[in-house]
Amino acid sequence: MPLWGAALALFLGALALLLLLVPRLVRTVGARTQPGALIQNDEVDGGGPEDQFSDRRESLPGGCSLLCKPSALAQCLLRALRRSAALEPGPRPWLSGPHLQTLCHFVLPVAPGPELAREYLQLADDGLVALDWVVGPCARGRRVTSAGGLPAVLLVIPNAWGRLTRNVLGLCLLALERGYYPVIFHRRGHHGCPLVSPRLQPFGDPSDLKEAVTYIRFRHPAAPLFAVSEGSGSALLLSYLGECGSSSYMTGAACISPVLRCREWFEAGLPWPYERGFLLYQKIALSRYATALEDTVDTSKLFKSRSLREFEETLFCHTKSFPISWDTYWDRNDPLRDVDEAAVPVLCICSADDPVSGPPDHTLPTELFHSNPYFFLLLSRHGGHCGFLRQEPLPAWSHEVILESFRALTEFFRMEERMKGLSRHRTSFLGGCRRWGILQKREVSPSSNLEEIFSWKRSYTR
């Protein structure tokens with residue numbers, strides 16, 4: 001406990017120092033967003049960010065833009081976003097700066113918090129993950145999200161550090177109010193989940209998530225399943241969607257401020273206040289398992305790490321039992337390694353002033369959104385990293401947009417199924433009429449030549 005208390009004091013001190021440095025950091029970001037960068041001017045009206053890849057960019061309210069490959073699904077989503085009141089420009093809150101939005105997201109608690117019912121899921125290798133089901137407070141007038149009357153399940157994946165932020169809890173509360181059944185996935189050793197085996201989950205390894213989704217489907221077999229990930233936690237969700245493909249059991253997914261080029265992100269490093277803050281938080285979280293990890297990891301080197309890359313490399317590459325190279329680690333954990341296999345619509349919400357992920361013209365793989373019909377990029381001018389805050393008591397506008405997009409996806413797929421059903425019914429009906437006409441002809445003309453009938457069928461097929 002003394003080590004925990006000292007580390008926690010250092011962490012709070014680092015956050016206080018970060019708050020003092022906010023004005024200087026804001027000026028730095030302002031200098032970076034001069035002409036020649038992705039954002040040219042905050043006063044540009046009617047369109048989204050002025051970027052170098054705007055050939056297939058659709059303007060949205062509030063200075064946002066949607067980057068996607070043209071399709072019927074894209075048109076459906078575009079109509080829903082243009083009708084969204086969450087994107088309408090309004091008075092900018094006092095904490096509209098990117099660093100303040102980011103800090104409020106990571107530091108400030110949500111009040112009152114949701115009521116959670118925790119379940120521990122034992123995995124195939126005897127490890128444990130936790131599922132926090134949001135069971136309250138139950139609001140009056142909850143809307144059902146599916147036509148069958150069953151509430152859709154919303155799987156929420158926090159950031160890779162295991163920090164349960166105010167925006168994650170706020171999303172769960174809003175989703176509960178809108179008729180969803182939210183559940184938060186916690187990795188091994190995160191947020192009070194015991195580490196019963198000396199194995200942690202690598203950055204983009206979806207094996208534990210697969211078992212959790214299988215269990216959720218077992219509990220709610222008929223309910224639609226949606227997923228939302230936050231920040232660095234998006235690597236886990238995208239890896240899952242890529243590996244599972246059309247067998248993911250999900251109807252739709254969304255990523256808030258995703259880190260998509262993860263290896264470059266680790267190697268380039270973050271602005272030092274964020275780098276130190278995230279690194280210290282991870283050291284605090286793992287310090288309670290230092291003894292259990294001694295047999296597999298050099299804990300002395302781990303807790304002396306001076307960067308996120310060094311921490312990640314020591315924890316997962318320089319193990320005592322199966323050491324691997326940094327290149328091999330990312331061959332197995334890059335979230336976009338199987339992205340072409342993903343068969344679920346994914347909405348990525350990013351901000352051009354994100355101080356953690358970096359400028360979008362360097363950190364976003366825009367070719368993915370140009371070429372893949374399942375991936376959509378909603379790019380805003382402001383929002384920080386996972387912030388997207390509005391004036392209280394309104395929830396983050398990203399939450400509203402995500403739930404509205406899920407509703408639009410549900411209606412789109414329902415209409416597609418209805419049209420397919422009508423097409424099948426029409427084909428069956430026409431086929432029956434055709435067969436009945438043939439039978440009538442046979443009855444009227446008993447001497448019909450079967451060879452002529454066969455020739456007619458063959459030419460019709462041809």
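Between amide H atoms placed 1.01 Å from N, distances below 5 Å from Tyr181 occur with Ala152, Val153, Leu154, all of them 5 or more places distant or on a separate chain. Taking the Kirkwood radius as Rh and the Cα radius of gyration as Rg, the range 262-334 has a ratio of Rg/Rh equal to 0.96.
Extension gain, His191 to Arg414: 0.36 nm times the residue separation minus the Cα-Cα distance gives 76.6 nm. For Gly252, the amide hydrogen comes within under 5 Å of the amide hydrogens of Ala227, counting only partners 5 or more places away or on other chains and with H modelled in the peptide plane.
For the range 396-407, the Karplus equation 6.51 cos²θ - 1.76 cosθ + 1.60, evaluated at θ = phi - 60°, returns couplings of 4, 5, 4, 5, 4, 5, 5, 5, 5, 5, 5, 5 Hz by residue, with Gly and Pro reported as x.
Full extension of the segment from Leu150 to Gln75, taken as 0.36 nm per residue of separation minus the current Cα-Cα distance, would add 24.3 nm. With K and R counted +1 and D and E -1, the other residues having a Cβ less than 10 Å from that of Gly245 yield a net charge of -4. Rolling a 1.4 angstrom probe over the protein heavy atoms with all chains in place gives the range 262-334 an accessible area of 50 Å² per residue. Put simply, when 375-382, 307-314 are sorted by average Cβ atoms within 10 angstrom per residue, most first, you get 375-382, 307-314. Want the number for Thr328 to His362: 0.36 nm per residue separation, take away the alpha-carbon distance, what's left? So the extension gain works out to 9.9 nm. Contact order, relative form, for the range 262-334: 31 percent (alpha carbon pairs under 8 Å, 6 or more residues apart, mean separation divided by residue count).
Computing FRET efficiency as 1/(1 + (r/R0)^6) for Glu115 and Arg288, where r is the C-beta to C-beta distance and R0 is 22 Å, gives about 0.30. Nonpolar atom fraction for the range 262-334, defined as the carbon and sulfur part of the 1.4 Å probe accessible area, stands at 49 percent.
The values are calculated or read from the model by the stated rules, or taken from the named source; none is laboratory data. What you see is a predicted model; the values in this text were computed from it and never measured. Please note: Cβ atoms are built from the backbone with ideal geometry, for glycine as well, and neighbour counts cover all protein chains shown. The protein model used for the area step is the full one, side chains on, heavy atoms only, and it has no ligands, DNA or RNA in it. Shrake-Rupley method; radii C 1.70, N 1.55, O 1.52, S 1.80 Å.
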